[in-house]
Amino acid sequence: MTTRKILASLFVSLLFVTTAAAQGKLAEEADDAFKKGFYFNAIELYKKAYTVEKKASTKAELIFKVGEAYKAIGDPEQAAVWYEKANKAQYADPVTYLYIGDMLKQQGKYADAIAAYNRFKEKKPNDMRADASIAECQQAQAWQDSPTRYSVDPEVLLNTPQYDFTPAFADKKNEMVVYTSTRPGATGVETDQIIGESFSDLFTSSRDRLGKWSEPVKLPISVNTAGNEGAPIFNEKRSVMYFTRCPMEKKKVYGCDIWMSKKVGNNYSEAVMLPLRPDKNDTITIGHPALTKDEDALIFASDMKWPGHKGGKDLYMVKLNKDGMPVGAPTNLGADINTSKDDMFPFLRADGSLYFASNGRASMGGMDIYRAEKSGENTWSAVSNMQSPINSSHDDFGIAFEGDEERGFFTSNRPGGKGQDDIWRFYLPDMVFALQGTAYDKLTSQPLPGAKISVVGTNGSNFSAITDDNGGFSFVENGKDRYIKENTTYSILAEKEGYLVVKDQVTTVGLNESTTFVKEYFLQPAHKDIIIKLPEVQYEFDKYALTANGKDSLETLYQTLVDNPTIIVELRAHTDSRGKDAYNLTLSQNRAQSCVNYLVQKGIDPVRMVAKGLGETELRIDDKAINAMKTEEEREAAHQQNRRTEFRVLSYDYVPKAN
């Protein structure tokens with residue numbers, strides 16, 4: 001059952017305005033049926049009226065009205081067909097192109113819909129509706145291409161080829177539901193003139209420990225009648241059910257009301273109507289109840305023009321007394337929530353957020369589900385579209401969360417179900433994270449077995465692993481749990497005896513999709529025979545005082561000493577070959593000592609460092625090779641290679657001082 005069919009069935013819609021006085025008795029009967037919301041009958045009558053009509057303009061108008069009726073019952077495929085027929089019949093108003101775009105959008109044919117909207121723009125260039133609809137199609141396509149993390153599937157055992165919708169949890173364990181259905185076995189024997197199907201009843205089903213739903217059972221006649229019942233909601237104790245009831249009388253239009261029935265065991269008391277309807281007005285619609293957390297107020301939908309009414313069906317709130325009955329006048333939820341079209345099917349979560357369905361906002365096609373944040377006492381704002389896959393190009397509505405969990409049910413007529421409207425389950429799967437990688441020897445680039453990878457999380461977790469023969473490590477499943485969790489930052493330490501440690505960090509904070517962190521750690525061998533080059537430590541000509549850039553270059557050694565708190569290093573400074581040997585030796589010693597002094601100022605214990613000036617005794621490039629170079633630039637670069645600062649690890653014997 002599409003949303004518009006539901007609106008028609010549970011909420012008779014009186015939106016149609018004839019474009020001209022239809023000629024003949026059949027056309028008049030068709031208009032009357034449409035005005036009453038009997039769209040199924042109206043379609044057949046309009047088609048019959050078309051076959052006997054002679055005037056071309058009137059025939060085009062009748063074709064257009066068939067399209068309108070199909071749109072009203074939520075059949076976008078047939079509606080588009082008949083709007084196209086109206087164009088071919090020279091229907092005067094180019095709005096058909098706009099409506100064709102709407103119907104294509106509801107089928108998820110966004111590119112075709114944009115083409116139709118552009119045709120409408122050609123006909124009516126000053127009408128801004130096409131631009132807004134094109135923007136909606138582009139946004140819908142983006143949402144479809146990049147869905148949220150929710151997972152959705154049809155609840156097969158609850159659905160039938162008929163209409164199944166708006167489930168509510170009926171027990172404290174959330175293992176029983178009551179929902180609306182037009183399946184065989186309805187209480188009434190008549191056919192709903194709106195949709196050409198049985199009238200809807202409330203059915204119940206429960207699931208076992210394996211999640212299998214039982215055969216649905218119709219609620220007793222204390223609840224179900226020959227008319228339409230649907231859209232239930234229960235209080236927290238699951239002892240009281242509110243629902244919508246729309247009486248039935250052949251060829252007569254009735255509105256809908258909210259009713260209440262108390263649950264005792266598996267039985268329901270005789271339902272009592274909530275006195276919300278003004279006197280002497282039996283055609284307005286009131287329904288789709290939702291309870292606030294404290295159960296002191298009821299939110300519902302209605303087309304009654306109470307103060308603040310925005311148009312179509314609005315959401316209202318009314319206070320409840322201790323017996324669950326309304327007191328005082330309903331209040332409109334305001335322009336932050338309600339639109340000029342239909343806003344319905346409210347649901348309130350324990351955190352205070354309001355969910356509802358609307359066809360008056362930017363959507364993916366049909367009716368979409370929206371979330372509004374609680375902004376004050378009985379006020380909501382910051383409305384956001386739930387996006388794909390909760391929403392689709394079709395009608396999506398009637399969401400119900402399972403307690404505080406990120407799972408529950410909603411209704412949709414999208415493809416993939418059993419029939420018309422179907423119940424779909426949704427849940428937000430846990431994001432799955434893992435950390436894996438390989439450790440290598442930095443000098444040889446060969447895998448490094450036997451390295452210890454230690455991980456500490458901001459959530460208090462602490463775990464480690466030893467790399468295998470291929471240098472690999474992996475933190476994936478920890479029994480039935482996972483090592484890497486959501487919203488956590490992890491500090492990682494890779495270490496092995498005779499190597500400098502490598503520190504790293506990964507975080508899942510802010511991530512919205514499952515991620516496997518893949519890392520490569522290159523551990524530097526560190527002992528007396530290994531000389532480790534530092535970034536260039538710069539000095540002014542013929543001076544040993546550190547420049548600002550030189551101090552920045554020493555940050556690498558400083559961090560190495562901090563990360564490896566037991567090492568003692570020899571800091572080695574070199575000069576190029578220019579100048580006298582003795583002078584260069586002294587200059588390099590002073591430069592090495594200036595590095596030590598700087599690191600001492602930063603808090604490194606001086607006993608951990610030995611300054612050693614080597615002058616020009618260990619040239620990387622000798623003078624013969626330099627003199628053979630062709631340009632001065634090449635020769636100067638070679639001299640710079642010789643002017644270097646290095647270090648080597650002398651021992652791992654330092655014992656850090658206690659703080």
Please find, within the range 436-483, the residue that is farthest from the chain's Cα centre (by Cα) out of those that are assigned to a loop (DSSP other than H, G, I, E, B), among the charged types (D, E, K, R) and surrounded by 13 or more Cβ atoms within 10 Å (Cβ to Cβ). K442
Considering only the range 278-329, state which residues are buried (at least 16 other Cβ atoms within 10 Å of the Cβ), small (G, A, S) and either touching a Lys or Arg at 6+ places or on another chain (Cβ under 6 Å) or not assigned by TED's automatic domain parsing to the domain that holds K237 (or both). A297, A301, G312
Residue check: is L511 modelled with pLDDT of 90 or more and in the same structural domain as Q446 (by TED's automatic domain parsing)? yes
So which of L599, L557 ends up being modelled with pLDDT of 95 or more and in a helix (DSSP H, G or I)? L599
If the requirement is being modelled with pLDDT of 95 or more and under 29 Å from the mean Cα position of the chain (by Cα), which of these qualifies: N378, N391? N391
Tell me, yes or no, whether the range 238-246 has at least one residue that is surrounded by 13 or more Cβ atoms within 10 Å (Cβ to Cβ), touching a Leu at 6+ places or on another chain (Cβ under 6 Å), modelled with pLDDT under 95 and among the hydrophobic types (A, V, I, L, M, F, W, C). yes
Could you check I134 against (1) touching a helix residue (DSSP H, G or I) at 6+ places or on another chain (Cβ under 6 Å); (2) crowded, with 22+ Cβ neighbours inside 10 Å; (3) of a type in the set (A, V, I, L, M, F, W, C) and say which number it fails? (2)
Does V610 qualify as being modelled with pLDDT of 95 or more, more than 17 Å from K533 (Cβ to Cβ) and in a strand (DSSP E or B)? yes
Which pairs have Cβ atoms under 8 Å, sit 6 or more apart or on different chains, and link a residue in the range 415-426 that is at positive phi to one that is modelled with pLDDT of 95 or more? G416/P154
Name the single residue, out of those in the range 533-554 being surrounded by 18 or more Cβ atoms within 10 Å (Cβ to Cβ) and assigned to a strand (DSSP E or B), that is modelled with the lowest pLDDT. Y539
Mind listing whichever residues of the range 637-651 are assigned to a helix (DSSP H, G or I) and of a type in the set (D, E)? none
Taking K503 as the residue in question, decide whether it is closer than 13 Å to Y521 by Cα, at pLDDT 95 or above and either of a type in the set (S, T, N, Q) or in contact with a helix residue (DSSP H, G or I) (Cβ under 9 Å, 6 or more places away or on another chain) (or both). yes
Being in contact with a strand residue (DSSP E or B) (Cβ under 9 Å, 6 or more places away or on another chain), exposed (fewer than 13 other Cβ atoms within 10 Å of the Cβ) and part of a loop (DSSP other than H, G, I, E, B), is that true of even one residue in the range 567-585? no
Restricting to the range 366-401, give me the number of residues that are crowded, with 17+ Cβ neighbours inside 10 Å and among the acidic types (D, E). 3
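Going through the range 211-253 one residue at a time, which ones are over 16 Å from N266 (Cβ atoms), of a type in the set (V, I, T) and not in a loop (DSSP other than H, G, I, E, B)?
Looking only at the range 211-253, we keep the residues that are over 16 Å from N266 (Cβ atoms), and these are 211-213, 225-231, 233, 235-236, 242-253.
Then keep just the ones that are of a type in the set (V, I, T); that gives 225, 233, 244, 253.
Answer for the range 211-253, where residues must be over 16 Å from N266 (Cβ atoms), of a type in the set (V, I, T) and not in a loop (DSSP other than H, G, I, E, B): I233, T244.
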Would you point out the residue of the range 266-283, among those that are modelled with pLDDT under 85 and within 40 Å of the chain's Cα centre (by Cα), that is nearest to Y242 (Cα to Cα)? N266
Assuming K519 fulfils every condition listed in (1) assigned to a loop (DSSP other than H, G, I, E, B); (2) in contact with a strand residue (DSSP E or B) (Cβ under 7 Å, 6 or more places away or on another chain); (3) in contact (Cβ under 8 Å) with a residue 24 or more places away in the chain; (4) not aromatic (F, W, Y) apart from one, which condition is it? (1)
Checking the structure you have, find out if any residue of the range 161-172 is modelled with pLDDT under 95 and surrounded by 17 or more Cβ atoms within 10 Å (Cβ to Cβ). yes
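The values are calculated or read from the model by the stated rules, or taken from the named source; none is laboratory data. Keep in mind the model is a prediction, meaning the values are calculated, not measured. As a convention, Cβ positions derive from the backbone with ideal geometry for all residues, glycine included, and neighbour counts pool all protein chains shown.
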